[in-house]
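Working notes, beginning with the structure itself.
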Amino acid sequence: WKTKYSKLIFRNSDTVPEELHQMVQEGFLTLRKHNCFFQDLVRIKGKDFVTPVSRILIGNPGCTYKYLNTRLFTVPWPTEGYDIKYCSPQIHDACKALVRLNDYLHIEAFEALQGQNLFEMKEIKDTTVIDREQNFGTSLMEKGSVSKDQSSCCVPEDDYISLKNRTSYNLTLLNYMDPLQMLYLKQEPYFGMGNMAVSWHHDENLVERSTVAVYSYSCEGSAVEESNHQKLKGRDPAVWHVGLKVAWDIETPGLAIPLHQGDFYLMLDDLNMTHQHCVLAGFSPRFSSTHRVADCSRGTLEYIFGQCELALQNLQTDSDSMALCLKSLETAVVKQVEEIHNEVEFEWLRQFWFQGKRYLKCTDWWLKPMAKLEEFWRKMETMTSLVLSELGKEEQTVEQRKKTISCLLLVLTERQKLRKEWTAR
């Protein structure tokens, strides 16, 4: 653990305030009772699969999280300045509990990351001292001053703001699974760790070197106690575990850590990139709340509305005929508009309506922005027609026409292919 997995920090449940445990665990059960956990249809290597784990995304209003070609839309947690109507007061309370947990884990992760940085700086200092001693056999006095000079140039650039950004979680992906309801669970293939609820993977779509925090709640009962009476070799199959391995390496031993009710762990810094993790199923049902700093550069409502406004700048009303027309037929402008058109349709509208009705069990928050996006999309459909009709007119030189057609054809072919794919999904 210390040599190969030092960036995994584990905390027992008794380090977490009891009141927080209670709020969060009640929240999990409320969401389960209101049927707010859903299996996702994900796409891997061109094939669709239903996830064995049921999930719900909760987080900042207007945020989304994409994994395995499926975009999830946050059920917004209570946020100042936003009017969010929940389907019931209990769902509001559950979302509020998760904000509280999010704030708590942010502080824990920030402090752990700070501690790790200080430790690394101390190590740099120590190795510098040893190097200098070996090279020059310097006196104790010099050794001290040398280590100081050397370490100051090796201090990571990580200042306070960077640490804060890499631990400021904007959403949590909640998971629920009852292993006894699963007819078949894959076996862990490399280290004989037993049944896997989630196979080896890296979490995707995250801000680089950001921390992932996972709070675990297994509904432990008689099944767990029974297995504790047997003397077991290896991991206890009744208890849930998180498994870690070095990425693309099965020579280095893997690590499996038991997760009991209310335990949590942090994957600091670049651990999610250098290592893979899996979840090993126990016997009892389990909830987890996995807090992430999702890379939302292209995944927020603010971003996609900005893109739409950019595209619609090329649409105007003719002052004489009052008909809609295009400002520019420049290839670059046409290409940009049509690419935004595809992004709105396939990354947002189809992703939402594909499995978005399920969010109505919690809140109708997304309906208004989706209606607005659909309006923008209709205008972009008009813009495509206008380009096509302009291309048929005499004023275009053959050269201009060829250039516009070849660029347009690429985007329209892509659109046609994606429409077929989505219809099949």
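The values are calculated or read from the model by the stated rules, or taken from the named source; none is laboratory data. Computed from a prediction, not measured in an experiment: that's the story for all the values here. No Cβ is skipped: glycine too gets one built from the backbone with ideal geometry, and neighbour counts run over all protein chains shown. For the accessible areas, the whole protein counts, side chains as well, though only heavy atoms, and no ligand, DNA or RNA atoms are used. Shrake-Rupley method; radii C 1.70, N 1.55, O 1.52, S 1.80 Å.
Among MET121, MET370, MET23, determine the one that fluctuates most according to a GNM of the chain built with springs between C-alpha atoms less than 10 Å apart. Highest fluctuation among the options: MET121.
One compactness figure for the range 301-424 is 1.19, namely its Cα radius of gyration divided by 2.2 N^0.38 Å. Please list, by residue number, everything in the range 274-314 whose backbone N is under 16 Å from a paramagnetic label point 7 Å out along Cα→Cβ of MET182. In the range 274-314, the label zone of MET182 (backbone N under 16 Å from the point 7 Å along Cα→Cβ) covers 277-289. For TYR160 and LYS402, the FRET efficiency from 1/(1 + (r/R0)^6), where r spans their Cβ atoms and R0 equals 45 Å, is about 0.20.
Compute the relative contact order of the range 301-424 as a whole-number percentage, counting only Cα pairs closer than 8 Å that sit 6 or more residues apart in sequence. After rounding, I find 34 percent. When only Cα pairs below 8 angstrom with a gap of at least 6 residues are kept, the chain shows a relative contact order of 20 percent.
The protection proxy used here, the mean number of other Cβ atoms lying within 10 Å of each residue, ranks peptides 306-317, 286-297 as follows, highest first: 286-297, 306-317. The magnitude of the dipole of the range 327-425, with charges of +1 and -1 set on the Cβ of Lys/Arg and Asp/Glu and taken from the Cα centre, is near 480 debye. The simple spin-label model puts a point 7 Å past each Cα toward its Cβ; for HIS260 and ARG100 those points are separated by 2.3 nm. In this structure the range 301-424 gives 57 Å² per residue of accessible area when probed at 1.4 Å with all protein chains present. With each label modelled as a point 7 angstrom along the Cα→C-beta vector, the GLN313-LEU409 pair spans 3.0 nm. For LYS335, the aspartates and glutamates whose Cα falls under 19 Å of its own Cα, not counting residues fewer than eight places away in the same chain, are GLU309, GLU343, GLU345, GLU347, GLU381, GLU390, GLU399, GLU414.
With unit charges on the beta carbon (Lys/Arg positive, Asp/Glu negative), name the residue among TRP348, LEU388, GLY262 whose Cα is farthest towards the positive pole of the charge dipole of the chain. Going by the charge dipole, the pick is LEU388.
The aspartates and glutamates within cross-link reach of LYS85, meaning a Cα-to-Cα straight distance under 17 Å and a gap of 8 or more places when in the same chain, are ASP93, ASP364. Counted over all Cα-Cα pairs of the chain, pairs farther apart than 35 Å make up 43 percent. Helix content alone sets the calculated 222 nm mean residue ellipticity of the chain: runs of n ≥ 4 DSSP H residues at -39500 (n - 2.57) each, divided across all residues, give -14000 deg cm²/dmol.
On a per residue basis, the range 163-226 carries 47 Å² of accessible surface, using protein heavy atoms and a 1.4 Å probe. Can you pull the percent of the chain's accessible area that's carbon plus sulfur, 1.4 Å probe, other chains left in place? Summing carbon and sulfur atoms, their accessible area is 54 percent of the total for the chain. Checking every one of the chymotrypsin sites (Phe, Trp or Tyr not before Pro) in the range 37-105 against DSSP loop status and a limit of 14 other Cβ atoms within 10 Å picks out TYR82.
Modelled spin labels at ILE250 and PHE354, positioned 7 Å past Cα toward Cβ, are 3.1 nm from each other.
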